[in-house]
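Step one of this worksheet: look at the structure below.
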Amino acid sequence: MPDELQVLGRAVKQVQYRQHRALDSRLAAVGTTLAQWDALRAISRSPGASARALAEATFQSEQAFGTLAGRLTALGLIERRPGNGRRIEHYLTPSGEQILVAGHRVADEVLTDCYAPLSAADRAALLGLLRRVIGEEGE
């Protein structure tokens, strides 16, 4: 059983690694990285969110997200505005929206390629199983 679980864990990691490498490589063609595009995606889903919330949504530390947000601001892709108290809110700029849309097209192509060996039913089953593992059964 432990060997089987280790093989499973490694297979999940291999799929993730392959997917991330392909995304990062292809996103470069539209002028962004996977980390940058993921941050833009998180900001788009939660305009005005704090760095803490966005760090959590992008699986980063607050410090790492702050550094990334500084880069995105310098590139003109996001705006950081004062919120309540010391909170800084994050918003996409029109340029950030354009990069986000281009990134979505790239991601759709990459993910279609990554999961091409699976039927629609297999993909749905895999998603259901992964959601169960992470505790999101009803989503």
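Every number in this text was worked out from the coordinates using simple rules, so none of it is lab data. Source: prediction; values computed, not measured. Every residue, glycine among them, receives a Cβ derived from its backbone with ideal geometry; neighbour counts consider all protein chains shown.
Miscellaneous remarks
- Tally, over the stretch 16-49, of residues that are out of contact with any strand residue (DSSP E or B) (no Cβ under 9 Å at 6 or more places or on another chain) and over 16 Å from Asp108 (Cα atoms): 5
- Against the test of being over 22 Å from Arg26 (Cβ atoms), acidic (Asp, Glu) and surrounded by 13 or more Cβ atoms within 10 Å (Cβ to Cβ), the options Glu136, Glu62 yield a single qualifying residue, Glu62.
Residues checked against (1) among the aromatic types (Phe, Trp, Tyr); (2) under 24 Å from Ser46 (Cα atoms); (3) surrounded by fewer than 11 Cβ atoms within 10 Å (Cβ to Cβ); (4) touching a Gly at 6+ places or on another chain (Cβ under 6 Å):
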{"residue": "Arg86", "(1), (2), (3), (4)": "no, yes, yes, no"}
{"residue": "Ser95", "(1), (2), (3), (4)": "no, yes, no, yes"}
{"residue": "Gln98", "(1), (2), (3), (4)": "no, yes, no, no"}
{"residue": "Ala107", "(1), (2), (3), (4)": "no, yes, no, no"}
{"residue": "Tyr115", "(1), (2), (3), (4)": "yes, no, no, no"}
{"residue": "Leu126", "(1), (2), (3), (4)": "no, no, no, no"}
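- The residues of the stretch 22-50 that are out of contact with any Leu (no Cβ under 7 Å at 6 or more places or on another chain), farther than 22 Å from Cys114 by Cβ and surrounded by 20 or more Cβ atoms within 10 Å (Cβ to Cβ) amount to a single one, Ala49.
- Some residue of the stretch 105-122 being of a type outside the set (Gly, Ala, Ser) and over 25 Å from Lys13 (Cβ atoms): yes
- Filter pass, Ala42 being over 16 Å from the mean Cα position of the chain (by Cα) and hydrophobic (A, V, I, L, M, F, W, C): no
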